[in-house]
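Undergrad: Sharing a structure, written as structure tokens. Questions coming.
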Amino acid sequence: MFDVLIVGGGMVGASLACALGDKNNRSNSLKVGLIEARADLLQGQFGADGRASAVALGSSHIWQNIGVWDGMLRRGVSPMHCIQISDGDYPHSVKLRREDIKQEALGYVVENATTQAALWEFIDRCHNIEVICPAKIIDIVKPKIGSDKSIEVKISSDLGDQFLSAKLLVAADGGRSVVRSLANIATTQKHYDQTCIVLTVKTEHSHHNIAYERFQNSGPFAILPLPSNNQNNPNGDRCCIVWTAATAEIPTLIELDEDRFMQELCQRFGADLLASLGKLTIESKQRASYVPQWMHAQTYIQPRLALIGDAAHTTHPVAGQGMNLGIRDVGAIAEIILTAHHKGEDIGSIDVLKRYQTWRRWDNLGVIMLTDITNRLFSNQFFVLQWLRRIGLALASLLPFKRILMHFMMGLIGRQPRLPKQADL
Ligand SMILES: Cc1cc2nc3c(=O)[nH]c(=O)nc-3n(C[C@H](O)[C@H](O)[C@H](O)COP(=O)(O)OP(=O)(O)OC[C@H]3O[C@@H](n4cnc5c(N)ncnc54)[C@H](O)[C@@H]3O)c2cc1C
């Protein structure tokens, strides 16, 4: 029997496996199972879909404590020195600078493939983690109320169907979580009439580690500075673009030939930014598209079951917070599980799991609601709203408001997890 069985080895589930992982072969470590459906993750193929995530400073601290941040640094991360927020081509923009809060960086931009590679390398070194991959969870056998000390799941793999049991099942199987459905946990959802196109571009000049959030009529347009890896482009850099457009526009945009697509793309950058970044060249092989969604599970816990990451909540990518919330879930649940385990408590009991839900629920809900309001406010041309957001941008330029906004974006508001460092275990 496993102590903890994690379903889903995406960035959140794999981070939890690492947080519970033991590289030192200690006698009292937890027995952890990680079930993942995608065989390519086990084979070390983390995809070149061009996706990158803005990693809040708070998330980088959690990864440092777990011991996986060095693996990401080694592969290449790009610090964000400034985040510039503007309302279309309105000349006044808010610049959030690292100097404003005396930090080395406001956060980092890390390609998802880099994050996954570092996490799976770490998992591979932990003696207490069994990776069950490729395999899919297909059923849950619920614990008997008040009696059973474990939960049983049915999985399907090349070996056929199998039953596994654990003291605690953690669902990290993404926004369409099968575990959440099997457990009959209801959700509150809102759909956006928007779709995000993600691609990577090479720039002629340096991005100077500045991230841009340009709000436009059809949706926000984000430019994230990536680490440079191109020796043929010594003065230039790479950026990841998250281009949110009205869903009706997407089929036309995706089908445009390279020249017309580039014209449309350049229009979204605006003249000033194009002048500073110079000529753009598209690096990605495909124009990948994702449909954003607002979703919040009505509960994160049941006896012997917890939801984390996108399985518990999803948010519009406009503020770059979805994965960061998931990493904060990881920090919280890992601290609670490890503490309960050391005290000899039952880690799957509802009393222990309530500590996780109480810790995380309001932070998650607050962030996804604020993100939703921001997206709706900025994707609207109604003149009163236009006037309101320009007042909002002016206020956000004032240092006290700016600092609150920065702490929010950096994931430094609220209780921070105190995970023991691997070296201290
Ligand atoms: C365009 C875009 C840009 C974004 N940018 C940012 C950003 O800048 N910053 C940020 O913080 N967030 C960002 N996000 C959000 C972020 O990508 C997600 O919040 C994050 O990837 C969620 O990770 P997860 O591990 O919870 O879920 P997932 O990444 O969905 O992983 C789920 C895993 O579970 C596995 N799985 C699924 N079902 C089963 C099953 N039945 N059995 C076994 N395994 C299963 C899957 O194969 C997968 O590996 C962005 C999202 C989008 C769409």
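The values are calculated or read from the model by the stated rules, or taken from the named source; none is laboratory data. This one's a predicted model, so the numbers in the text were calculated from it and none came from an experiment. Note: ideal-geometry Cβ built from the backbone for every residue, glycine included; neighbour counts use all protein chains shown.
Undergrad: Test S86 against the stated conditions and say whether it is among the polar types (S, T, N, Q), crowded, with 21+ Cβ neighbours inside 10 Å and either within 13 Å of the ligand (Cβ to nearest atom) or assigned by TED's automatic domain parsing to the domain that holds V55 (or both).
TA: yes
Undergrad: Still on this structure, I have one more. Out of curiosity, is I250 closer than 17 Å to I85 by Cβ and within 16 Å of the ligand (Cβ to nearest atom)?
TA: Working: closer than 17 Å to I85 by Cβ: no; within 16 Å of the ligand (Cβ to nearest atom): yes.
Considered against the rule, which asks whether it is closer than 17 Å to I85 by Cβ and within 16 Å of the ligand (Cβ to nearest atom), I250 comes out as no.
Undergrad: Here is a further query. Go through D139, D124 for me and flag whichever is touching a strand residue (DSSP E or B) at 6+ places or on another chain (Cβ under 9 Å), within 11 Å of the ligand (Cβ to nearest atom) and either assigned to a loop (DSSP other than H, G, I, E, B) or of a type in the set (D, E) (or both).
TA: Values: D124 fails: within 11 Å of the ligand (Cβ to nearest atom).
Checking each option against the conditions leaves just D139.
Undergrad: Pull out all pairs, ordered by first then second residue, where Cβ-Cβ is under 7 Å, the residues are six or more apart or on different chains, the first lies in the stretch 289-315 and is under 18 Å from C196 (Cα atoms), and the second is basic (K, R).
TA: From the stretch 289-315, the pairs are W294/K190.
Undergrad: A further question follows. Determine the pairs where a residue that is within 19 Å of K95 (Cα to Cα), located within the stretch 395-421, has a partner that is surrounded by fewer than 15 Cβ atoms within 10 Å (Cβ to Cβ) and of a type in the set (F, W, Y) with Cβ atoms under 7 Å apart, the partner being 6 or more residues away or on another chain.
TA: Correct list of pairs: L395/F401.
Undergrad: Still on this structure: Test G71 against the stated conditions and say whether it is of a type in the set (G, A, S), away from the ligand (no atom under 15 Å from the Cβ) and outside any loop (DSSP other than H, G, I, E, B). Full working, then the answer.
TA: Details: of a type in the set (G, A, S): yes; away from the ligand (no atom under 15 Å from the Cβ): yes; outside any loop (DSSP other than H, G, I, E, B): yes.
Spelling it out, G71 is indeed of a type in the set (G, A, S), away from the ligand (no atom under 15 Å from the Cβ) and outside any loop (DSSP other than H, G, I, E, B).
Undergrad: Moving on. Filter the stretch 121-130 down to the residues that are within 11 Å of A17 (Cβ to Cβ) and either more than 22 Å from the chain's Cα centre (by Cα) or not hydrophobic (A, V, I, L, M, F, W, C) (or both) and list them by number.
TA: D124, C126, N128, I129, E130
Undergrad: Ok, one more. Return the total of residues in the stretch 101-121 being buried (at least 22 other Cβ atoms within 10 Å of the Cβ), part of a helix (DSSP H, G or I) and touching a strand residue (DSSP E or B) at 6+ places or on another chain (Cβ under 8 Å).
TA: Count: 1.
Undergrad: Looking at (1) buried (at least 19 other Cβ atoms within 10 Å of the Cβ); (2) touching a residue at least 40 places away in the same chain (Cβ under 8 Å), find the lone condition where R98 falls short.
TA: (2)
Undergrad: Taking into account only those residues within the stretch 265-288 that are at pLDDT 85 or above and basic (K, R), which is surrounded by the fewest Cβ atoms within 10 Å (Cβ to Cβ)?
TA: Ranking the qualifying residues of the stretch 265-288, first place goes to K279.
Undergrad: All but one of (1) under 17 Å from L169 (Cβ atoms); (2) away from the ligand (no atom under 13 Å from the Cβ); (3) buried (at least 21 other Cβ atoms within 10 Å of the Cβ) hold for E335, so report the exception by its number.
TA: Evaluating E335 over (1) under 17 Å from L169 (Cβ atoms); (2) away from the ligand (no atom under 13 Å from the Cβ); (3) buried (at least 21 other Cβ atoms within 10 Å of the Cβ) leaves (1) as the failure.
Undergrad: Now for a separate question. All but one of (1) over 28 Å from N65 (Cα atoms); (2) in contact with a strand residue (DSSP E or B) (Cβ under 9 Å, 6 or more places away or on another chain) hold for R376; which doesn't?
TA: (2)
Undergrad: Could you pull out every one of the strands (runs of 3 or more DSSP E) wholly within the stretch 285-398 that has 2 or more residues that are in the same structural domain as Y90 (by TED's automatic domain parsing), in contact with a helix residue (DSSP H, G or I) (Cβ under 8 Å, 6 or more places away or on another chain) and of a type outside the set (F, W, Y)? Give the steps one after another, and end with the answer.
TA: Values: elements: 288-290, 293-297, 305-307.
Because the criterion is at least 2 residues that are in the same structural domain as Y90 (by TED's automatic domain parsing), in contact with a helix residue (DSSP H, G or I) (Cβ under 8 Å, 6 or more places away or on another chain) and of a type outside the set (F, W, Y), the strands (runs of 3 or more DSSP E) in the stretch 285-398 that meet it are 293-297, 305-307.
Undergrad: From (1) at positive phi; (2) at pLDDT below 85, pick out the condition that doesn't hold for F378.
TA: Only one criterion in (1) at positive phi; (2) at pLDDT below 85 is unmet by F378, namely (1).
Undergrad: For the stretch 1-48, how many residues meet the condition of being outside any loop (DSSP other than H, G, I, E, B), more than 13 Å from the ligand (Cβ to nearest atom) and of a type in the set (D, E)?
TA: Residues meeting the conditions: 1.
Undergrad: Considering L419, L385, L370, which residue is under 30 Å from Q302 (Cβ atoms) and at pLDDT below 80?
TA: On the way: L385 fails: under 30 Å from Q302 (Cβ atoms); L370 fails: at pLDDT below 80.
Step by step, each of L419, L385, L370 is checked, and only L419 is under 30 Å from Q302 (Cβ atoms) and at pLDDT below 80.
Undergrad: Another question, if that's okay. Tell me whether the stretch 223-244 contains one or more residues that are at pLDDT 85 or above, over 23 Å from the mean Cα position of the chain (by Cα) and in a loop (DSSP other than H, G, I, E, B).
TA: No, the conditions are met nowhere in the stretch 223-244.
Undergrad: In the stretch 155-182, which residue that is surrounded by fewer than 18 Cβ atoms within 10 Å (Cβ to Cβ) and more than 11 Å from the ligand (Cβ to nearest atom) is nearest to Q45 (Cα to Cα)?
TA: Only one residue tops the list, namely D158.
Undergrad: Still on this structure, please answer the following. Would you mind telling me which numbered condition in (1) in the same structural domain as L253 (by TED's automatic domain parsing); (2) part of a strand (DSSP E or B); (3) surrounded by fewer than 21 Cβ atoms within 10 Å (Cβ to Cβ) E130 fails?
TA: Answer for E130: the failing condition is (1).
Undergrad: Residue pairs, Cβ under 7 Å, 6 or more apart or interchain, first in the stretch 247-264 and surrounded by 14 or more Cβ atoms within 10 Å (Cβ to Cβ), second in a loop (DSSP other than H, G, I, E, B). List them.
TA: Pairs found: T247/D193; E249/S218; I254/R287; E264/L256.
Undergrad: Moving on to the next point. Conditions: (1) under 21 Å from the mean Cα position of the chain (by Cα); (2) at pLDDT below 95; (3) of a type in the set (D, E). D173 meets all but one. Number of the miss?
TA: (2)
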